[in-house]
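Please treat every number below as a calculation from the coordinates, not as lab data. What you are looking at is a predicted structure, and each value in this text was computed from that prediction instead of being measured. Using ideal geometry, Cβ is built from the backbone for each residue, glycine included, and neighbour counts are taken over all protein chains shown.
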Amino acid sequence: MVFERVAELESERVANVLRDDIMLGHREPGSRLIERDIAAELNVSRLPVREAIKVLVSEGIVVARPRTWAVVREFSIRDLQDFAEVRQAMETLAFVLATKRLDDAGIERLEELVRAEDAAAAAGDAVGARIASSTFHMTAVMLAGNAMLTELAESLITRLRWLFGQHEELRVMAGEHREIVDAMKAGDVEKLQQLIPTHLARGHDAAERRLLARQKGAD
């Protein structure tokens, strides 16, 4: 029983490391996840590595291949478009519901995240700014107070962060988040229904440029 719990904790740690490596671009799409190499690198046995890879497969960012190594998933332009459509519908609804149910604590949490994002962007801390940005969006989902919406977002969050969370326009994104919070505080649902799709479209366009550049570089 103790061994099983230790293995579970180790697999969680390995999954977190591999997930972060993929998110930060340290493991490129199409690259192999070789169990023995990862085990040696992280000083663990192959069992937690195997379990960690299963978790990442379930999150949609790793593809398991029978009788060979799992690989980091490669997304197509069509995949990107499909996710963008789902994301726009989901997040527009989330921000509208959150606005209708917003309290002082929720406002302070969102404003705190925007301040953190802007400070990280000003300091050139891209990773910190992107984490704050992703947390901002997920916090709005939580503030929406809809269990089904939260469940849907949690099932997609890893893929959404990977596809749309690597933006370079750090200060611009932080500024748009500030504008969104201001509209939420004013209870301006109509303005939010304009702001959110425009904001998300910027992230989609940037993600598409990155994907096309990666594909061109691989040719």
Can you run phi through the Karplus equation (6.51, -1.76, 1.60; θ = phi - 60°) for the stretch 116-126 and list ³J(HN,Hα) in whole Hz, with x for Gly and Pro?
5, 5, 5, 5, 5, 5, 5, 8, x, 8, 5
Checking Val57, Val72, Val86 against a Gaussian network model of the chain (alpha-carbon springs below 10 Å), the top fluctuating residue turns out to be Val86
In range of the label at Ala213: residues from the stretch 145-185 whose backbone nitrogen is under 11 Å from the point 7 Å along Cα→Cβ
167-169
